[in-house]
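A.B. asks: I am attaching a structure below and will ask some questions about it afterwards.
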Amino acid sequence: MKSGHAKNLEKPSGKLGVLIPGLGAVATTFIAGVEAIRQGLYPPIGSLTQMGHIRLGKRTDSRQPLVKDFVPLADLNDLVMGGWDIFEDNCYEAASKSAVLTDTMLQPLSGFLSNIKPMKAVFDREYVKRIDGPNVKKGKNKMDLAEQLMDDIDNFKKQNNCSRLVGVWCGSTEVYRQQTKVHGSLKDFEQGLKDNDPNIAPSQIYAYALLKKRVPYANGAPNLCLDTDAMQELAIENNVAISGKDFKTGQTLMKTILAPGFKARLLGLSGWFSTNILGNRDGEVLDDPESFKTKEVSKLSVLDTILQPELYPDLYRNLYHKVRINYYPPRGDNKEGWDNIDIFGWMGMPMQIKVDFLCRDSILAAPIVLDLVIFMDFAQRAGYKGIQEWLSFYFKSPMADKKLYPEHDLFIQMIKLKNNLRYAMGEDLITHLGVEYYD
Ligand SMILES: NC(=O)c1ccc[n+]([C@@H]2O[C@H](COP(=O)([O-])OP(=O)(O)OC[C@H]3O[C@@H](n4cnc5c(N)ncnc54)[C@H](O)[C@@H]3O)[C@@H](O)[C@H]2O)c1
C-alpha cells in the first residue's frame, strides 16, 4: 500500500522555535546536547531522527538511508530554544544545579546556555507541592494567564525570527487528577478558564495556549493534560498535532523491551517488583504521594497491554505488579532501578530474573525530546492533526484514540513508526513476509 501524502513536502526552511515549559534536568540536558552536537563535540547518540537508518524496499535492494535523508526533517542548526520555569536560573545555571552533565562538559556551552532565560511560568502549588519559585505570572484568572502565555509565544516567534514552533512539556509531574466536567468540551474548558476552575492545572493552561497558537505539542510527563476531550477537540479544530505522555526512559524502557520477549516465548509471569532510588528534583516532586500516584498509574499501565492476560490467563492472570520510587538525594540524577521478575516455564517451574539498571534518566530522555521536536514539526507540516499515535515509541503511557487500546511493545511501536514514515513518503510498507516461499 502506498500513500505518499508527504512525498512532495519540501525540506523546511527558517528557524524552528522549541518552547519548553519546565527548564530543569531533562530540558537543559536536551538543550546542552543539541548545542554540543552542533559544535561537533559528540555524535547524537540515542536519536532516531539523527542516527537512525530505515530499510526501504526488498532486502536485496540495499536501500537503508538515514531517516533524516529520507524524510524532510528540520535541521539541528535551525532549532532555537526557549521556555518557561518557576525559577529565574538561566539554562547554564539550571544545568549546573541539576548536575546531569559535568562542569567540563558544560564549559564550552556556557555562553550559549547562559543566554537562554526562562519566561515567567504559570504555576500553582496545589498541583506541584514540593517546590516553589519566584518566576511566576500573576493574572486575574486562568484565561488571563493563558493569554499572557500566548503573548509570550508570539513574542518569542517574532524576536527569534522563527518560521515554525513546537512545544514539549518538561515540567514537573503534577498531582493525580482525572478528567472532570470542565475538561469535557472546549466550551466548558474555556468557561472554566474564565471562572478560575480549580480542576484546570497549569500544564493544561500551557497546552491550551500552545494549541490555540497552532503549535504542535508533546507531553513528557504523566499528568492529565492533552488526554482530555477539551484538548483533543481543540487540536482537531485547530489542525494541530499532539502526542504524549510521559517519556519512556529507564525502568519502563527496560520493561517494554523484556516483557514482549517473555510473551513471545510464552513464558509465564507471577510477579514483577520494580523499585527505584533517585535524588534529583523530579525525585523530590515524586516524593509527594499525589504526584507519585500520577507516575505510578503511568508506569503500571505498561504490562497489561503487552501481556494481554485476557488472552493468556494461564500465563499472566495472576501477575503481581508493583512499582516504587524512593527519593534518595545522594544519587542525584543517577537513578538506580531494580527489578525482580518472577517468571515460570514448562510444567510451571519458577525462575527469577534480576535487573539492576544504573541509568541516567535525563541522558535517556534528552534524545527523546529531540526526536519529538523534529517529528512533531514534520507531523504538523505534513498536515497531521490530533493524537500522533505513531510516536508511541517515545512514551510510557502512549495516547491513543478512544476506540483503540494503546500499543506498549517497543518493537511494535518501532515498526509502526517506521511504517508510518514509509507510508508518508510513498514507499511500500515492510511486513517481513517471506514471499520467496510462495513464488
Ligand atoms: N528524566 C526522565 O527520564 C523522565 C522520564 C519520563 C518523564 N519525565 C518527566 O519529565 C519532567 C521533567 O523531569 P526533570 O527530571 O527535568 O525534572 P526537574 O524537576 O529537573 O525539572 C522540571 C522543571 O519544571 C519546572 N516547573 C514545574 N512546574 C512548572 C510550571 N508550571 N511551569 C514551568 N516550569 C515548571 C521546575 O521548576 C523544574 O525546573 C517530569 O515531569 C518528569 O516526571 C522525566
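No value in this document is a laboratory result; all are computed from the given coordinates. Quick caveat, the model's predicted, so the values are computed rather than measured. Methodologically, a virtual Cβ is constructed for each residue, glycine included, from the backbone with ideal geometry; neighbour enumeration extends over all protein chains shown.
A.B. asks: By per-residue mean of other Cβ atoms within 10 Å, what is the highest-first order of 316-325, 12-21, 298-307? Show your work: numbers first, answer last.
C.D. replies: Working: 316-325: 15.8, 12-21: 21.7, 298-307: 19.8.
For the peptides 316-325, 12-21, 298-307, the packing ranking is 12-21, 298-307, 316-325.
A.B. asks: Suppose we take every Cα in region 251-358 and form the convex hull; what volume per residue is that in Å³? List each step's numbers first, then the result.
C.D. replies: Values: hull volume 9.6 nm³, N = 108.
In region 251-358, the Cα hull volume divided by residue count equals 89 Å³.
A.B. asks: Along its principal axes, what span do the Cα atoms of region 193-317 show, with the longest given first and each in whole Å?
C.D. replies: 52, 35, 22
A.B. asks: Also, I was wondering about something else. Hey, got the dipole for region 251-358? About the Cα centre, +1 on K and R Cβ, -1 on D and E Cβ, debye to the nearest 20? Don't skip to the end; give the middle numbers.
C.D. replies: On the way: 13 positive and 14 negative charges, 51 e Å.
The dipole of region 251-358 has a size of about 240 debye.
A.B. asks: Output ³J(HN,Hα) for region 211-222: one whole-Hz value per residue in order, computed from phi by the Karplus curve 6.51 cos²θ - 1.76 cosθ + 1.60 with θ = phi - 60°, and x for Gly and Pro.
C.D. replies: 5, 4, 8, 6, 9, x, 9, 10, 9, x, 10, x
A.B. asks: How many nm is it between the label spots at residue 194 and residue 151, if each spot is 7 Å from the Cα in line with the beta carbon?
C.D. replies: According to this spin-label approximation, the distance is 2.0 nm.
A.B. asks: Only four residue types carry charge here, +1 at the Cβ of Lys and Arg and -1 at the Cβ of Asp and Glu. Report the dipole size of the chain about the Cα centre in Debye, rounded to the nearest 20.
C.D. replies: Values: 54 positive and 54 negative charges, 107 e Å.
Roughly 520 debye for the chain.
A.B. asks: For region 251-358, with the dipole built from +1 on Lys and Arg beta-carbon atoms and -1 on Asp and Glu ones, taken about the Cα centre, which of 285, 320, 297 lies farthest toward the positive end?
C.D. replies: Farthest towards the positive end: 320.
A.B. asks: Mind listing the phi-derived Karplus ³J(HN,Hα) values for region 363-376, rounded to whole Hz, using 6.51, -1.76 and 1.60 with θ = phi - 60°, and x for any glycine or proline?
C.D. replies: 5, 6, 7, 4, x, 5, 4, 4, 4, 5, 4, 6, 6, 5
A.B. asks: What per residue convex hull volume, in Å³, do the alpha-carbon atoms of region 366-410 yield?
C.D. replies: On the way: hull volume 3.2 nm³, N = 45.
Residue-normalised Cα hull volume stands at 71 Å³.
A.B. asks: On to the next question. Can you compute 3J(HN,Hα) from phi for each residue in region 54-70, using the Karplus curve 6.51 cos²θ - 1.76 cosθ + 1.60 with θ = phi - 60°, rounded to whole Hz and x for Gly and Pro?
C.D. replies: In residue order, the calculated couplings are 9, 7, 10, x, 6, 4, 6, 6, 6, 10, 9, x, 5, 3, 6, 8, 8 Hz.
A.B. asks: Let me ask something else. Students often check this: by mean Cβ neighbours within 10 Å, which of 129-141, 154-166 ranks highest, and how do the rest follow?
C.D. replies: Peptide ranking by packing, descending: 154-166, 129-141.
A.B. asks: Work out the charge dipole of the chain with +1 on the Cβ of Lys and Arg and -1 on the Cβ of Asp and Glu about the Cα centre, then indicate which of 42, 54, 268 is farthest towards its positive end.
C.D. replies: 54
A.B. asks: Continuing with this model, one more query. Full extension from residue 402 to residue 144: what is 0.36 nm times the residue separation minus their Cα-Cα distance, to one decimal in nm?
C.D. replies: Values: separation 258, 0.36 × 258 = 92.88 nm, distance 3.14 nm.
That works out to 89.7 nm of additional length.
A.B. asks: Restricting to Cα pairs below 8 Å that are 6+ residues apart, what does the relative contact order work out to for region 251-358? Please round to a whole percent. Walk me through the intermediate numbers first.
C.D. replies: Values: 182 pairs, mean separation 43.0, N = 108.
Computed over region 251-358, the figure is 40 percent.
A.B. asks: Take the alpha-carbon positions of the chain, form their convex hull, and give its projected area averaged over all directions (one quarter of the hull surface) in nm².
C.D. replies: Projected over every direction and averaged, the Cα hull of the chain covers 22.4 nm².
A.B. asks: What distance in nm separates the two pseudo spin-label positions at residue 117 and residue 187, each 7 Å out from Cα along the beta-carbon direction?
C.D. replies: 4.4
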